[in-house]
Amino acid sequence: MKAVVSPRKILVTCFDNIGDLVFISSVTANLRHHFPNAEIDLWCKEYTSPLAGLIPGVNQVIASDPFWDKSPFRPKGSFKDFLSRWWQVRRSRYDVAVVTGACWRSALFTWLARIPSRIGYQKRKSKIFLNQLIPMFSRHKGVVPELQRLLAPLNCPAHFRHYFINPPAKTLSIELHDQVIGLHPFAGHPRRCANLSFWDQLARHLKSDGRRIVWMGAPQELERLKAEYGYQDQEFYTHYVEGQDLLSMARFIKSCQLFIGHDSGPLHIAGAMEVKTLGLYLPSEYQRTFPQGPAQARWVVKDQPADLQLKDLIPHLDQLLASP
């Protein structure tokens, strides 16, 4: 594998969802540390772009929803809009592209952009368009160290070994008069989510211990809690609605004393901003996607959501809430 020496302009691509974008911070931070004078840009989905602005080491965010994939609460992207951003990439004349995802189309468009050095995982279709191939990631190892293998052709050592993002500006904050525990009972795969009855039981346990809880979710998700369990509006924090984007969601999460959720983007946002986290993997690829940020984290693994009981969380809650 021939090393790329002193690249002037580097493009990192990530056409995945929020959690995947958070993991990318472990790549961009190391690139910036090793190449302090390089221009490092990030090409990502439109809906994740507000969060992409918090990723360390990034100069410019290029945003376009891919025409081949949907985003949460959004349809597939426009081919015309995507092509416009691709043309911007091509005109920028990058020296290196680091293709972090496994989708071959990401590799294809870096090749079409005539980027000389294209680094990515060795998959059947992707390898046609890449010229710096890294063996495919393992599903039994953490995402962060597996992503950092993509830095090998650049002779870029892994100085930072976790993901982290910068907290958003205080002007975007919401007012919380005391610390809260954030509860996010939803995820992209409903079959991997604990029943709302379990979350109600957890919330009542925390409130009986004098803790303030705030539920987080999209409007249609939180309506279920209101209808089935009688929670009030002041106990909700709604995201994905007009005027409340990913930056305000991140600011809310940063205000939490502890964040509890399934293996999803908000859980990893919390861990990346040094908020203590308790993750529920029911099941999930916990060996890959366990919280990998600088904060304290615990996780519970079960074969199916029905196996989860409140007593499984109590020791983790006690430890996380007792620690400074």
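FYI, it's all coordinate maths here, none of it is from the lab. Computed from a prediction, not measured in an experiment: that's the story for all the values here. Neighbour counts run over all protein chains shown; Cβ positions are idealised from the backbone, glycine included.
Quick look at the numbers
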read-out	value
Positions within the stretch 23-51 being small (G, A, S), touching a Leu at 6+ places or on another chain (Cβ under 8 Å) and buried (at least 24 other Cβ atoms within 10 Å of the Cβ), in sequence order	S26
The stretch 255-264 - residue that is buried (at least 24 other Cβ atoms within 10 Å of the Cβ) and not hydrophobic (A, V, I, L, M, F, W, C) and, of those, nearest to L317 (Cα to Cα)	G261
The stretch 76-131, subset in contact with a helix residue (DSSP H, G or I) (Cβ under 6 Å, 6 or more places away or on another chain) and among the hydroxyl-bearing types (S, T, Y), residue surrounded by the most Cβ atoms within 10 Å (Cβ to Cβ)	T100
Among (1) in contact with a Phe, Trp or Tyr (Cβ under 8 Å, 6 or more places away or on another chain); (2) of a type outside the set (S, T, N, Q); (3) surrounded by 18 or more Cβ atoms within 10 Å (Cβ to Cβ); (4) without any contact (Cβ under 8 Å) to a residue 40 or more places away in the chain - the single one P66 does not satisfy	(4)
Residue in the stretch 203-235 that is nearest to K311 (Cα to Cα), counting only those that are among the basic types (K, R) and in a helix (DSSP H, G or I)	R204
